[in-house]
1. Please go through region D:248-282 and pick out each residue that is more than 21 Å from D:GLY65 (Cα to Cα), among the polar types (S, T, N, Q) and surrounded by 24 or more Cβ atoms within 10 Å (Cβ to Cβ).
2. Which condition does A:ALA130 not pass, out of (1) among the hydrophobic types (A, V, I, L, M, F, W, C); (2) in contact with a Leu (Cβ under 9 Å, 6 or more places away or on another chain); (3) surrounded by fewer than 23 Cβ atoms within 10 Å (Cβ to Cβ); (4) part of a helix (DSSP H, G or I), if it passes all the others?
3. Among the numbered criteria (1) aliphatic (A, V, I, L, M); (2) touching a Ser or Thr at 6+ places or on another chain (Cβ under 8 Å); (3) surrounded by 24 or more Cβ atoms within 10 Å (Cβ to Cβ), which one does A:VAL152 miss?
4. Out of curiosity, is D:LEU100 at pLDDT 85 or above and of a type outside the set (Val, Ile, Thr)?
5. Is it fair to say A:LYS200 is of a type in the set (Lys, Arg) and more than 29 Å from the chain's Cα centre (by Cα)?
6. Only residues that are surrounded by 24 or more Cβ atoms within 10 Å (Cβ to Cβ) and either in contact with a Pro (Cβ under 7 Å, 6 or more places away or on another chain) or among the aromatic types (Phe, Trp, Tyr) (or both): list them for region A:133-149, please.
7. Say whether the condition of being within 21 Å of C:TYR91 (Cα to Cα), facing another protein chain (nearest Cβ under 7 Å) and among the aliphatic types (A, V, I, L, M) is met by at least one residue in region C:241-252.
Amino acid sequence: MKRSIPIFITFVSAVIMIVFYFLNQDIESVKKFQAGILNWVSIIAAFALLLGIFNLLFVNFYKLRRFNKDSIYSLVLIVSFLTITISGLVDDTSATYSWMFENMLRPLSSTMFSLLAFYVASAAFRAFRAKTKEATFLLVAAFIVMLGRVPVGAMIWGKIPLISNWIMAYPAASAQSAIMIGAALGAVSVSLKIILGIEKTYLGGEE
Amino acid sequence: MTITNDPGIWVAAILTLAIFSFLIKDNPLYKLAEHIFVGASAGYYVVITYHEVLVPKLVTPLSTGAVKDNPYNLLLIIPLILGIIMLTKLSRKHSWMARYPLSFTVGVGAGLGITAVIKSDIISQIYGIAFQKPLWFLVDGKFDFTISFFNLIYVVSVLSSLLYFFFSAEHKGVIGKTARLGIWFLMISFGASFGFTVMARISLLIARVQFLLEKFLGIMS
Amino acid sequence: MKQKVLLFSLFQLRFYSSAFATEAEEQISNSFFQVSRIPVLLGLIILCGLILYCIQIAKKGQYIFIRKIAGLNAIDDALGRATEMGKPVLYVPGIMEISDLQTLASISILGHIAKKTACYETDLYVPNRDPLVFSTAQEVVKESYLAAGRPDAFNENMVEYLTTDQFGYVAGVNGYMVREEPAANFYLGGFYAESLLLAETGNAVGAIQVAGTAIPSQIPFFISACDYTLIGEELYAAGAYLSDDPRSKGSLKGQDMGKLAIMVVTILLILFNIVYNMNISSGNDSSEGLLGKTFNVLESGMKGE
Amino acid sequence: MILKFLKTLDRRIIFLFMAIAVILPTITGQRFPVQPSPMTDDFASVLKELKSNDTVLLSADYDPGSQAELQPMTLAFMKYCFDNNIKVVTMALWPLGSKLIESALNHDRIYIPREKAIELMSKGKNVYVISKKRSGAEEKIEKRGNKYIFIRDNNQGEESILNNEDKYYVKGLYSIYDDIKYGVDYLDIGYKVGGLVVIQGIVNDFEETVKTDTLNNKSVLDYPITRNIKNLKDFSAVFTISSGNMGIKEWVVYGNGPTGVKVLSGVTAVSAPEFLPYLTSKQLSGLLAGLAGAAEFEAATNYYEGEASKGMTPQSYAHLVIIFFILLGNGVYITEKYFIKE
C-alpha cells in the first residue's frame, strides 16, 4: 500500500506523458495540458525546497548552539540567508536584495567558476602523459585542439586550426554521437524500469 | 592606479580574493566566503522560487478573479495538496506520504525523458550519421573522395565506439578489437573536448582578473 | 507488460491508418496524432520491446553474461580503503533534478553504497543541491541502513541539503572535502561545470575517486582527475550491474539488443544512401522514381520535427 | 632530485604560472591577430545572406555566470544587425537574460576609435575616456567650445587633447547610433517564463504568446517591427545565446524542428562539442563557440574594438602555460622511464 500506490502513480503519470507526446501538438488543449503538468512539477519542487531549507537551517542552528570556534560560520550562513530571503521576499527590486546579488552572489559565483582555469591546468599536467596508447590519443587530441583555438596556434603552424577543427568535426563529434546513443539507451532502460516498477530504489522504504 | 571607493566593489573584490585564496590552502577567509555563499544563494533560490513559481503559477491563478475567468485553474489545488503532502517528510511517522508527490514527479520525468531521448539522442543521431554523412559524397553530382573518406571515418568511429558499450559480450576477438578502436576514438573525443573547454575556463578567469585590475584597483592597460 | 506492448501496437495501427491512408496534407494535420513523430513511436516500440523481451527471458532464469565494468569494481576497493583508514565516504548525486534519469540511476547506486557503508561502519556524507533529490536520498540511505541491519548507525546529518546554486554547492562540498578529508569520493549523476572543481579538490586531498555521468562534455574532466569513470551508458548500467534482481541483468542485455538494432538500421540506411547517391552520380536523376520517393520518405521521416 | 620535484610538482606552482599568464597581458594590453575558423565563417555567411529590413529574433538564454564568454557575442551580433539595418527582436528564456540585453544596449562599455568619439560628441552623445596619464579612472568627455574637457567628479574637469593612446567608449550599444529607433529597428519582449512552452507558442502564434513588449507594455501589434510577425517563420533567423538548459537545444528541437527557421547559436566553449551534431544535421545553421568564437566573429565583421578580441591574448598565454606543463609532465615521465634505471 505504502509502495504500490506510488508505483501506480508513477506508471500512470509516465504513460500519460508518453501518450501526450504522440498527440497532435497543434491541438490547443494538448499543449495546455503538457504545460500544466510541468507547472505542477515545479509547484511540488517549490514545496520541496522548504524541506531543504529546513534541513540547512536546522543543521546550522545545531552547530551554532554547540558554540565552538566554528559557530561563527554557521551564524554568518544564517544571517546571510535571512538577509537576502527577507529583503527579496518583501520586494525583489529592493536595494538590499539587488546589492547582495550584484556584489556578493555574482562575484562569488563567477569566481568559483573561474577556479576551473587553474584546475584544468593542474589536471592536464597530471593526466596527460603518454603512458598508454589510449592516453597518447587523449594527449595529442587535447594538445592540437588547445593550440587550434587560440591565435598562437596559427602562428606556430597555419594548418593547426584546420586540423583542430577536423578533429572536432569528425572523430570527436562521432564518438560524442556514440556516447549519446549509448546513454540514451541506458536512459530508456532506466525509465522503462521505473515506469514498470522494477526500479524503485527512489521510493526507499518497505512495502 | 586609483583604488575604487565603491563599497560594493570592495565587498565583491574581497569575496573574489577569498575564493581565490582556496587555491593556496583552506583558510578562515575562504570558510567565511563559503558560508556566505551557501547561505545567500540558498536564500536567493527561495526568493526566485517564490516570485517565479509560487506567485505566478499558483497564487495568482488561484485568486478569485482568475478562477472566475478560467475555472480550470482550480485544478491547481492538486499540486498544492501534493506540495503540502511533501512536507510530511518533516514528521517521522507520516513521511511515507511524501512518496505520492515524489512518484508523480518521477513518473512525469521518466515519461518525458523516454520519448525525448529517443527523438533527440537516437533518431536524430541516426539521421545525422546516415543522411548527413553519406559515404558516397557528391559535389556537383560527382563523387568526392576526400569527404567520403572523412565520412567513412565518422561512421566507423560511431559504430566502433558504440560497440565498446556492449555489456553482454566479452571484449574478445573481433568484438574486442573493434571495441578497442572505439576506445581510441572515445579518447580522441575526450582529449579534444578537454582542449576545447580549456578556452572557456580561461575566459572566466580573465573576466575576474579584469574585474580586480580594472574595476577594483583601477589599473588599465 | 505484454498488455502495454499490445496497447502500443494498437496505437501504432491507428497511427498508420491516420498517416498513410489519407493522402491529403490537410487531413493529416487535422488528425489526432502527431504524424511526424511516428519514427519515435517505432523507436519506442522496438527498444522497449527488446528490453522487455530480455527482462522476460532473464526472469525465466536464463543465464545472462555481463562483462566486468572496471569502475564498478573500484567502488568496493574505494569503500574498503575508506574503512581501513577510518575516514568518511563522500557521495555526490549530481546536480540535476530528481526527474532526470541520471539522478535516478545515481540514487539506485547510492542505495548499494549505503548498504556497504552501513556494514563496514564507515561514515557517509551525501550533500545535495536539489531539494527533491535530498529528500529522496535521505530516505534511500535510511532504508539501506535498515536493510543492512544497522539502523543505529544511521544519522540524520549523513544526507544534507546545501543550496540550489550550482557554485554555492561546489563551495560547500569543496569545503567539506578539505576539512574532513574523505578517503573515497563518488560523483555519480548529471554534472556540469562543477565536475572538475570537485574532482580536482578531491584529488588534492588524496581520495580515491569514482565518477560517472552521461553528460558528454564533462566525461573528459572526470577521466583526467578521477581514478575510475563510468562513461555514459555505464552509469545507467551500474545500478543494474550491482543489483541482484535478474530482471536488471535482463534489461542490460536488452540495451545491447537495442544497440544492435540501431547499428543495423544505421548501416541499412547508409547502404541505401550509397545506392541513391551512386545512382545520381551515374547521371540518373532519380528523385521521381521509386528510389527517390523512398529516399524522401525516409529522409524527412527521420528528420522529423 | 629535480626529477622528483618535477614529478610531484605542487599544484600551486602551476596555479602561480597561470595567474601570471593572465594578469600580465591584461595589464600590458598586447594583442594577437585573430583568424576566423571555418565554423565561424559559416556563421557569418548566414548573417551576410540576410537582407536589409529582415527581422531576426535574439534570445538571451544565459545569465551572468557565463557573461564573460557570451556577452561579447550579444554585443557583436547586435552591432552587426544595427550596422546593416537588420531588425532585432530580443527576448530571454532565462530570467537574468533580459537584464543582460538591457545592459548591452544601455550600460556595457563599447570601445570606439578616437574619430568615432569626436563624431558622437558632436551629436551630443555621452562619451567616456580612460586616460593613460591618469591611470584608469573613468571620465566623461565634453566638448566645450573648441576644447575637450575630461570630467571626473562634480563637473570638475581639466582640459585635455584627444590622443590616440587613450581609450574611448560609450555606455551601451544604443549610444553609438542615432538612427536606431525602439519599436522600428529593435524591440525587447523580455523574459518569458516557460521555456519550450514559449518557443512552441511563438511557433504557432507570436502575438498571442508574447502580447506586449517590456518597456512600454504595449501590444506588439502597435510596433512596426512586429506588426507583420505572425509566427516564428516570419523571422529570418533565430539567434540563441545559450549557456545551458532552455536554450539552444530547445530552439533547435522546438523552433527549427516544426518550422525550419534558421537557428544560429552562441554557446560557451565547453558545451560546443555537444552541439556539433546539430550542426552536421543542419538543424543548426551556425555556431559560435566561446570567447574564441566571439573574437572570430568580431574579426569576421571587422569589429576590432570588441571585448572578445581583447581577451584573446591572455587566453593565448594561458594555453601556452598549460601546454608547457603538459610537455614538462611528459618530459619527466619519459626521462624517468627510459633514462633512469632503478
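The values are calculated or read from the model by the stated rules, or taken from the named source; none is laboratory data. What you see is a predicted model, and the numbers here were worked out from it, not measured in a lab. Glycine gets a Cβ as well: all are built from the backbone with ideal geometry, and neighbour counts include every protein chain shown.
1. The answer is none; no residue qualifies.
2. The single condition A:ALA130 does not satisfy is (4).
3. It fails just one condition, (3).
4. Spelling it out, D:LEU100 is indeed at pLDDT 85 or above and of a type outside the set (Val, Ile, Thr).
5. When the stated conditions are applied, A:LYS200 does not pass them.
6. Hit for region A:133-149 is A:GLY148, nothing else.
7. no
Results for (1) surrounded by fewer than 21 Cβ atoms within 10 Å (Cβ to Cβ); (2) more than 12 Å from chain C (Cβ to nearest Cβ); (3) part of a helix (DSSP H, G or I), shown as yes or no for each residue.
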{"site": "B:LEU58", "(1), (2), (3)": "no, yes, yes"}
{"site": "B:LYS68", "(1), (2), (3)": "yes, yes, yes"}
{"site": "B:ILE78", "(1), (2), (3)": "yes, yes, yes"}
{"site": "B:MET86", "(1), (2), (3)": "no, no, yes"}
{"site": "B:GLY109", "(1), (2), (3)": "no, no, yes"}
{"site": "B:ALA116", "(1), (2), (3)": "yes, no, yes"}
{"site": "B:ILE122", "(1), (2), (3)": "no, no, yes"}
